[in-house]
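Below: the structure, in structure tokens.
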Amino acid sequence: MATVASQIILHPTASQTVNLLGSTVGRDKLYRTAQYFARLLAWVLIKRGYNVEAARWDALKSHLATGRKLMRVGKPLEHLQAALKALNSSARPGEQTTTILRQLCYASYLVYDAAVWANTAKFINLSKETNQKFVRRSNRFWFFGIVFSICHGLLKASRLANEAKALRGYTWGDKSVSTEAERAVKYSAVEKERNTLRYQFAIDLLDVWIPATNLGYVDLNDGVLGFFGFITSVMALRSQWAAAGRKV
């Protein structure tokens, strides 16, 4: 029995789960997945007339959203550091600028988000008008942060496509084996980076509709937003799961 228990408890999947839940980002992605699933399910239940059952899932969605705000307190510093690192980097001007603007927007979004949470927790007292203003500013910075992320992705994708094309057009036969091996390694690295970029680009293209709807730029219902948020949450959670697996 002890052997069976140890095999279960010390199984690599169990260790990977511990690593995932042991990080703030891992827990946040898991809670976000549950939050948007609850949002989608609540909308479906309301459409089918199950209002009592829907209220339960709607309450779960709201409490998860509030809890995630607390988990992100202090995170603006991380984005400010990323912006400073981008400023001191040797990246191309377009990519550098969009990275800096994206990080500054995310930092501003999280500052206002933390203020909204503090008001909800009654730690500070904001008037109804001020709280609504902060919520709107938070969504505006979130929206533009994603927009700059999309712009960054387009610029970087163009550069990587040119690099991949140049590596594919490499002349074989008159070069040494070591040079050809080096080219193959570079090409593999570029393709890996392109795949990562496409993955994040897909997340951004779906996530951008959430703050856009909150700001009134578009009018999508909770079912669509819940579905988009659930898909991107699963995608982000998948990346964190893979990262947790590398620590096992």
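Read the figures in this text as sums done on the coordinates, not as results from a lab. Since the structure is predicted, the reported quantities are computational estimates derived from the model, not experimental observations. Neighbour counts run over all protein chains shown; Cβ positions are idealised from the backbone, glycine included.
Table for the structure above
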{"read-out": "Dipole moment magnitude, nearest 20 debye, the range 66-133 about Cα centre, only Lys, Arg, Asp, Glu C-beta charged", "value": "160 debye"}
{"read-out": "Mean Cα-pair separation over length for the chain, i.e. relative contact order, pairs under 8 Å, 6 or more apart, %", "value": "30 percent"}
{"read-out": "In Å, descending, principal axis extents of the Cα set of the range 172-241", "value": "60, 27, 13"}
{"read-out": "Charge dipole magnitude, Cβ of K and R +1, D and E -1 - the range 176-216, Cα centre, debye nearest 20", "value": "60 debye"}
{"read-out": "Distribution of pairwise C-alpha distances over the range 107-197, 5 Å bins, in %", "value": "3, 12, 15, 11, 9, 7, 7, 7, 7, 6, 6, 4, 3, 2, 1"}
{"read-out": "Trypsin sites (Lys or Arg not before Pro) within the range 4-75, DSSP loop, no more than 13 other Cβ atoms inside 10 Å", "value": "Arg48"}
{"read-out": "Shape of the range 1-80, Cα gyration tensor, a/c cut at 1.5", "value": "oblate"}
{"read-out": "Contact order relative to length of the range 65-148, as percent, for alpha carbon pairs under 8 angstrom and 6 or more apart", "value": "35 percent"}
{"read-out": "Dipole of the chain, positive end: most advanced residue of His152, Tyr109, Ala236 [Cβ charges, Cα centre]", "value": "Tyr109"}
{"read-out": "Estimated translational D of the chain in µm²/s (Stokes, Kirkwood radius over Cα pairs; 37 °C; 0.692 mPa s)", "value": "157 µm²/s"}
{"read-out": "Sequence-separation-based contact order of the range 1-105, relative, with Cα cut under 8 Å and 6+ spacing, percent", "value": "19 percent"}
{"read-out": "All-pairs alpha carbon distance profile, the range 14-137, 5 Å steps from 0, percent", "value": "2, 10, 13, 14, 16, 16, 14, 8, 4, 2, 1, 0"}
{"read-out": "Rounded to 10°, Cα long-axis angle of helix 93-120 versus longest principal axis of the chain", "value": "20 degrees"}
{"read-out": "Computed magnitude of the charge dipole of the range 17-168 (debye, nearest 20; Cβ of K, R +1, Cβ of D, E -1)", "value": "200 debye"}
